[in-house]
Amino acid sequence: MTSTASTQRTLHVALGERSYPIHIGTELIGRADMLTPYLAGQQVMVVTNETIAPLYLEKLCASLPKHLEVRTVVLPDGEQYKTIEQVSRIWDALLEAGFNRRCTLIALGGGVIGDMVGYAAASYQRGVAFIQVPTTLLSQVDSSVGGKTGVNHPLGKNMIGAFWQPKAVLVDIDSLKSLPRRELSAGVAEVIKYGLIRDEAFLSWLEANMPALLDVEPEVVAEAIARSCQIKADIVAEDETEQGVRALLNLGHTFGHAIEAHQGYGNWLHGEAVGAGMAMAATLSNRLGWIDDAALARSLAVIESAELPLAAPANMSSDDFLARMRLDKKNIDTRLRLVLLNALGDACVSDATPTDMLRTLLDAYPRC
Ligand code: NAD
Ligand code: GLY
């Protein structure tokens with residue numbers, strides 16, 4: 001890691017010829033030198049949504065060299081629009097503009113925009129370049145890194161997609177100043193995830209720095225993003241297509257995706273569902289005897305300190321959970337596989353939970 005100032009750093013995702021940098025710092029949107037080295041050719045399509053466009057689109061476009069052909073697409077805002085229909089609008093715009101295989105897509109927005117633009121880039125003319133400019137905490141610490149792209153299906157979250165790595169990730173932490181507090185908390189869920197699965201010292205750091213993180217203190221935010229991205233970059237470098245260790249990044253997601261899909265996309269934020277899902281996974285780990293009561297209490301307390309829900313939705317029965325969880329991408333044949341905790345900072349993927357035990361946990365689990 002190199003550092004030019006306390007908030008400025010560059011990390012690398014090491015994937016051979018598909019390696020790329022993650023630039024983290026302030027005042028990065030608007031800097032030409034942060035984008036131009038990663039453009040494939042002269043044609044650039046910037047894709048964002050109706051909320052982010054008035055905030056950052058003009059500034060980003062103004063930083064691109066004048067000789068380039070720059071087009072924009074502004075999509076509706078919301079998880080409910082993370083659909084193949086919206087990706088099709090990007091394909092339409094690319095074809096109408098006559099963009100060729102040396103074009104570059106730029107995803108300006110949160111995880112919804114990033115996942116859709118990545119999928120559009122993966123599939124347009126069998127694959128073109130794209131750059132991630134994430135503007136939510138969640139996308140800065142997780143979704144912009146690692147190349148998972150795709151859309152939701154009414155029957156399941158992120159069920160249609162591809163692995164397609166960006167050419168660069170540009171994390172401008174100034175963009176968090178306009179982010180609503182609820183969205184910030186949702187992003188902290190994924191930050192906590194890294195501590196729980198891989199790094200107990202980072203979890204302790206988070207416990208000490210949570211108020212400063214929620215207040216968006218630049219040095220604390222930059223440190224949280226850098227430590228999160230480093231853990232993710234290491235895991236992705238080891239297992240790009242989730243044959244093994246990458247599945248650990250799904251702590252809380254099997255429960256969480258079930259909540260999101262059941263509640264209707266956009267009603268529970270992804271990070272909120274992951275927060276409750278991690279609380280459920282920690283509780284199950286405790287019931288299995290893998291983590292003690294003190295470790296469970298710490299897990300729940302740190303999730304709660306980020307202003308995230310611990311309880312599951314009141315309108316979701318155990319059968320609702322089990323039906324959704326059977327569609328999880330980690331499952332092999334009919335076996336349900338869950339990410340659980342061996343200890344704080346140490347997770348595993350396990351198919352050892354008997355359905356009866358899971359049902360008992362779900363029946364007794366608090367509802368909100
Ligand atoms: P999001 O993209 O919906 O953004 C949240 C909200 O914040 C939106 O209303 C958006 O318009 C608004 N917003 C974004 N930046 C803003 C800013 N700077 N100022 C003000 N408002 C801003 O949600 P998200 O939490 O960023 O991402 C969630 C999505 O990411 C989910 O679809 C999830 O499945 C996906 N995800 C993907 C991966 C991956 O590896 N690809 C990992 C985690 C999550
Ligand atoms: N967010 C899970 C992953 O990237 O693998």
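The values are calculated or read from the model by the stated rules, or taken from the named source; none is laboratory data. Everything numeric here is computed off the predicted structure, so don't read it as measured data. Note: ideal-geometry Cβ built from the backbone for every residue, glycine included; neighbour counts use all protein chains shown. The accessibility values were calculated without ligands, DNA or RNA, using every heavy atom of the protein model including side chains. Shrake-Rupley method; radii C 1.70, N 1.55, O 1.52, S 1.80 Å.
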Would you give the gap between the C-alpha center of region 33-59 and the C-alpha center of region 155-183, rounded to a whole Å?
14
Residues of region 94-249: accessible area per residue at 1.4 Å, in Å²?
32
Can you work out the accessible area per residue across region 255-359, with the rest of the protein chains kept in place, probe 1.4 Å, in square angstrom?
40
Of all accessible heavy-atom area on the chain, the percent that carbon and sulfur account for (1.4 Å)
51
For region 203-293, rounded, prolate or oblate, judged on the Cα gyration tensor with a ≥ b ≥ c (square roots of eigenvalues), a/c < 1.5 rounded, else prolate if a/b > b/c?
rounded
When the charge dipole of the chain is computed with +1 on Lys and Arg Cβ and -1 on Asp and Glu Cβ about the Cα centre, the Cα farthest towards its positive end, among Tyr194, Pro218, Ser63, belongs to Ser63
Which of Ser6, Gln86, Ile29 sits farthest toward the positive end of the charge dipole of the chain, with +1 on the Cβ of Lys and Arg and -1 on the Cβ of Asp and Glu?
Gln86
With the 8 Å Cα cutoff and a minimum separation of six or more residues, region 229-279 has a relative contact order in percent of 33
If I fit a long axis through the Cα atoms of helix 270-287 and take the longest principal axis of the Cα atoms of the chain, what angle between them do I get, 0 to 90°, rounded to 10?
30
Need one number: nm distance between label points at Glu69 and Gln125, each 7 Å from Cα along Cα→Cβ, rounded to one decimal.
0.9
Helix 200-214: angle to the longest alpha-carbon principal axis of the chain, degrees 0 to 90, nearest 10?
60
Seen from all sides and averaged, what is the projected area of the convex hull of the Cα atoms in the chain, in nm²?
16.7
Share, in percent, of DSSP beta bridges within the chain that are antiparallel, nearest 5
45
The percentage of Cα-Cα pairs in region 273-368 separated by more than 19 Å is 39
In degrees, nearest 10, the alpha-carbon axis of helix 181-198 is tilted away from the dominant principal axis of the alpha carbons of the chain by 70
How big is the charge dipole of region 1-143 about its Cα centre, in debye rounded to the nearest 20, if each Lys and Arg gets +1 on its Cβ and each Asp and Glu gets -1 on its Cβ?
420
Calculated from backbone phi, Karplus (6.51, -1.76, 1.60) coupling profile of region 238-248 in Hz, x at Gly/Pro:
7, 8, 4, 9, 6, 8, x, 4, 4, 4, 4
